């Protein structure tokens, strides 16, 4: 008898000069987008204050919270960028987790079959499956 189950598989990326640059560029793009959003929110706040249609304290609270949320994300991105700069080439970074279909047969060793799996990628190609 065969049974198929779904198992989570970790995908790791081997850090190369090229992947390091792409990763930092991606994080920087996200950071720039958040900075633009902060600027837009500040502009909208001033615009809403001038309209005098809403209670100033509520408007201020809403926009301040939205800006602070984005500033916290910016700090996290700065930290990630800093960490990536410090990592040596060849390091493995967890990129994501995917689900895989796993076939189990009667008589299989459960511990071996269900051991956590990892896919290692380098420059977009599968290097190893552990």
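Within the range 103-130, residues that are in contact (Cβ under 8 Å) with a residue 24 or more places away in the chain and on the phi > 0 side of the Ramachandran plot have Cβ atoms under 7 Å from residues that are part of a loop (DSSP other than H, G, I, E, B) and surrounded by 13 or more Cβ atoms within 10 Å (Cβ to Cβ) in these pairs: 123/16, counting only partners at least 6 apart in sequence or on another chain. Would you be able to say whether some residue in the range 66-77 is exposed (fewer than 13 other Cβ atoms within 10 Å of the Cβ) and more than 18 Å from the chain's Cα centre (by Cα)? Yes: one or more hits. Restricting attention to the range 85-101, does a residue exist that is within 29 Å of residue 35 (Cα to Cα), in a helix (DSSP H, G or I) and either free of Cβ contacts under 8 Å to residues at least 12 places away in the same chain or under 20 Å from the mean Cα position of the chain (by Cα) (or both)? Within the range 85-101 (the criterion being within 29 Å of residue 35 (Cα to Cα), in a helix (DSSP H, G or I) and either free of Cβ contacts under 8 Å to residues at least 12 places away in the same chain or under 20 Å from the mean Cα position of the chain (by Cα) (or both)), the answer is yes, since at least one residue qualifies.
Working only within the range 8-32, note down all residues that are over 19 Å from residue 82 (Cβ atoms) and either part of a helix (DSSP H, G or I) or in contact with a helix residue (DSSP H, G or I) (Cβ under 9 Å, 6 or more places away or on another chain) (or both). Scanning the range 8-32 gives a single hit, 18.
We did not get these values from a lab; they are worked out from the coordinates using the rules stated. Quick caveat: nothing in here was measured; it's all calculated off a predicted structure. All Cβ positions, even for glycine, are placed from backbone atoms using ideal geometry, and neighbour counts span all protein chains on display.
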